[in-house]
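Below you'll find the structure, written out as structure tokens, and then a few comments.
The values are calculated or read from the model by the stated rules, or taken from the named source; none is laboratory data. Everything quoted here is computed from the prediction, not taken from an experiment. Cβ atoms come from the backbone with ideal geometry, glycine included; neighbour counts cover every protein chain shown. These accessible areas exclude ligands, DNA and RNA; they are computed on the full protein's heavy atoms, side chains included. Shrake-Rupley method; radii C 1.70, N 1.55, O 1.52, S 1.80 Å.
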Amino acid sequence: MVKRVLVLNGPNLNLLGTREPGIYGADTLADVETLCQQAGSELGLSIDFRQSNHEGELVTWIQEARTTADAILINPAAYSHTSVAIPDALKAVGLPVAEVHLTNIHQREAYRHHSYVSAIAYGVICGFGVTGYRMALIALAEKLK
Ligand code: DHK
């Protein structure tokens, strides 16, 4: 049976490709969606790919995933380091969560070293650029078997 993965992207990721490309790379968010859809079809996953600049909208989508998804892949972007509401929602929903960061947050400014989501994630991938999304989908497909 096809398993459903909600792929969530946090603030400013809509600007990928033009936003500090030396740090975040040249791929756009549309490229990341294409990569996720391709990986999903190879892995037997259906992918619901979304981005929001608003914490509350991300929380609402996470809550809705209780009935619409089997796992969540999230790049919370800057909310990784500030939001308690997002990990609270992820805990409430109880689905396996893969946390992805394009960059190696541990090599960057000190305020990026801690992510509130990591404490409740099944696993965390950072520093591999857009390939991290593919790696996370492979891991979630294994987990959902
Ligand atoms: C993306 C962001 O927008 C930053 O705020 C995070 C993350 C890192 C990333 O590497 O994907 O600090």
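Mind counting the residues in the range 79-103 that are open to solvent by less than 50 Å² (accessible area, probe 1.4 Å), within 16 Å of the ligand (Cβ to nearest atom) and either over 20 Å from C36 (Cβ atoms) or at pLDDT below 95 (or both)? Full working, then the answer.
We begin by selecting, within the range 79-103, every residue open to solvent by less than 50 Å² (accessible area, probe 1.4 Å); these are 79-81, 83, 85-87, 89-90, 93, 95-103.
Next, from what is left, pick out any that are within 16 Å of the ligand (Cβ to nearest atom): 79-81, 83, 86-87, 97-103.
Filter again for either over 20 Å from C36 (Cβ atoms) or at pLDDT below 95 (or both), leaving 81, 83, 87.
Qualifying residue count, the range 79-103: 3.
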Could you tell me whether A98 is in contact (Cβ under 8 Å) with a residue 40 or more places away in the chain, out of contact with any Asp or Glu (no Cβ under 9 Å at 6 or more places or on another chain) and not in a helix (DSSP H, G or I)? yes
Pair list, Cβ under 6 Å, 6 or more apart: the range 50-70 residue on the phi > 0 side of the Ramachandran plot, other residue open to solvent by 60 Å² or more (accessible area, probe 1.4 Å): none
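So, in the range 56-76, how many residues would count as being part of a helix (DSSP H, G or I) and buried (at least 19 other Cβ atoms within 10 Å of the Cβ)?
Here is the first cut: in the range 56-76, the residues part of a helix (DSSP H, G or I) are 56-68.
So of that shortlist, the ones also buried (at least 19 other Cβ atoms within 10 Å of the Cβ) come out as 58-59, 61-62, 65.
Adding up the residues that qualify gives 5.
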Taking the range 1-54 and keeping only residues that are outside any loop (DSSP other than H, G, I, E, B), open to solvent by 70 Å² or more (accessible area, probe 1.4 Å) and hydrophobic (A, V, I, L, M, F, W, C), one is left with L15, I23
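Might you let me know whether the range 113-126 holds any residue that is of a type outside the set (S, T, Y), more than 14 Å from the chain's Cα centre (by Cα) and within 13 Å of the ligand (Cβ to nearest atom)? Please lay out each step first, then the result.
Keep residues of the range 113-126 that are of a type outside the set (S, T, Y), which gives 113-114, 117, 119-121, 123-126.
Going one step further and asking which of them are more than 14 Å from the chain's Cα centre (by Cα), we end up with 113-114, 119.
Next, only the ones that are within 13 Å of the ligand (Cβ to nearest atom) stay: 113-114.
So far as the range 113-126 goes, yes, one or more of its residues are of a type outside the set (S, T, Y), more than 14 Å from the chain's Cα centre (by Cα) and within 13 Å of the ligand (Cβ to nearest atom).
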In the range 37-78, residue nearest to N14 (Cα to Cα) [restricted to those that are within 15 Å of the ligand (Cβ to nearest atom) and aliphatic (A, V, I, L, M)]: A77
